[in-house]
Amino acid sequence: MKRQKIHNNIYFGLCVLIAFSLPIYIYFVPFFIVILFLNWIAEGNFKEKFLFLKSKFLLLFISYYLLYLVGMIWTINSNSGWFDLRVKLPILAFPLIAPRLSNIIDEKKMYNILYAFVAGCFFATIICLSHACYMWFCYNENYYTYTKLSVLLHPSYLSMYILLSVVILLFGFFKNTWKKDKSIPVLILIIWFWLFIILLQSKAGILIASFIFLVFAVILLVVYKKYLQIIIPLMIIVGSYYCVNHFVFTSGNSRIERATNSILNTKIDTSTVESNQARILVWKASAEIIKRNYLYGVGTGDIKDELDKMYIKMNMTGIYKEHLNAHNQYLQSALGLGILGIIIIILMFLLPFIYSIKEKNYLYTFFLIIVGLNLFVESMFETQAGVMFYAFFNILFFIKKKE
């Protein structure tokens, strides 16, 4: 009994460490995951270890990884394939551990883990802004936006992490988790996170955050009839966006402004590396490869090689020099695994989305929306920052008990 308690404490402690470390120093996280898995093996009771076989959802999550493993059969570039499988390993590992975590993590421990993640995101913003201030005062250089600001992670990923933190904090209000004396600091933290997302200039982050704020505003108005309470926060959100764009970003310096201009510009330069037009070119090249390999795909390790060949063939010199991936995980999966790949990744989000609404697990619902929408503009399962974030929180929210 005492031995089991030690194992349980290790599970919980490592989950807290993973949540806190993700935004601050992601290179610690694989180490924590390895210890988590070793603890899972060391506690024995292997009969219980195969309880994941009883869950169609856990089998669905695992099948995505197994399909990539099968894709190694027709892969030419095996080194790239094995590297890709190592990156995606958490997608396999966490569903295996899920039945044990579900027995350990109750509602209180769940929110301790979530608030550790929020704390990690807050400290990440402090670190980034401190670095920006240092560069400003010491070298008179503007490091207050995009990749120069986001020194810990790519802006798209840090923005996605902060978005989840905002949702966690907002749910605290709806569940009356926050006492009155803490409600104002939490509101300030939400505004702080929103301002930081604007500075990160992640287009997906700003659009998804706006959508989330709108959804919560509608809920407050329609369900809770709190008309006055919603006006001031919305004015602050809209006003802060205008102020940051007006005073921080000069004309032509805003990625949002450049994105608008790119959308309005119907002529696309095939030599461009500009973010928005480059994505359109990459998507065209990806679609062309998928049309030719729609049944099985090109194989787990050959996606980058086939994209580079298509970039050359279609005279996309700019993105060829950058060796860009598909910048869309749905297309990326279809490239490697064909029609079955894209079907499984869609089901990985669609079925849990329906399940989360049915179970009234709305934190899970918003998590799936945040990640699912980001996958349209980034191949997030090709990087550790995307894979570990999804694999960890997907299982954490899936095992969340009814409240």
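Compute, for the range 1-95, the length of the dipole vector about the Cα centre, with Cβ point charges of +1 (Lys, Arg) and -1 (Asp, Glu) only. Units Debye, rounded to 20.
Working: 9 positive and 3 negative charges, 72 e Å.
Once rounded to the nearest 20, the dipole reads 340 debye.
Considering only LEU69, PHE83, ILE35, the residue lying farthest towards the positive end of the dipole of the range 9-88 is LEU69, judged by Cα position with unit charges set on Cβ.
Remark: relative contact order (the chain) = 22 percent; criterion is Cα-Cα distance under 8 angstrom and separation of 6 or more residues. Overall, the anisotropy analysis places the chain in the oblate class: the square-rooted eigenvalues a ≥ b ≥ c of its C-alpha gyration tensor yield a/c not less than 1.5, with a/b not exceeding b/c.
For the range 27-134, the relative contact order comes to 30 percent (Cα pairs under 8 Å, sequence separation of at least 6). Which entries in LYS54/LYS88; LYS109/LYS148; LYS109/LYS304; LYS56/LYS108 show an alpha-carbon gap greater than 32 Å? Long pairs (Cα-Cα over 32 Å): LYS109/LYS148; LYS109/LYS304.
May I ask for the longest run of the chain untouched by trypsin sites (Lys or Arg not before Pro) that are loop-located per DSSP and have at most 16 neighbouring C-beta atoms (other than their own) within 10 Å?
1-174
For every other residue with a beta carbon closer than 13 angstrom to the beta carbon of TYR157, add +1 if it is Lys or Arg and -1 if Asp or Glu, then tell me the sum. Mind showing how you got there, number by number?
Numbers: positive: none; negative: GLU378, GLU382.
It works out to a net charge of -2.
Among PRO90, PRO23, PRO352, the largest mean-square fluctuation in a Gaussian network model of the chain (Cα springs under 10 Å) belongs to PRO352. The chymotrypsin sites (Phe, Trp or Tyr not before Pro) found in the range 1-70 include none that occupy coil by DSSP while having at most 13 further C-beta atoms within 10 Å.
Bear in mind these aren't lab numbers, they're just calculated from the coordinates by the rules spelled out. Here the structure is a predicted model, which means the values were calculated and not measured. When we count neighbours, we look across all protein chains shown, and the Cβ atoms used for this are built from the backbone with ideal geometry, even at glycine.
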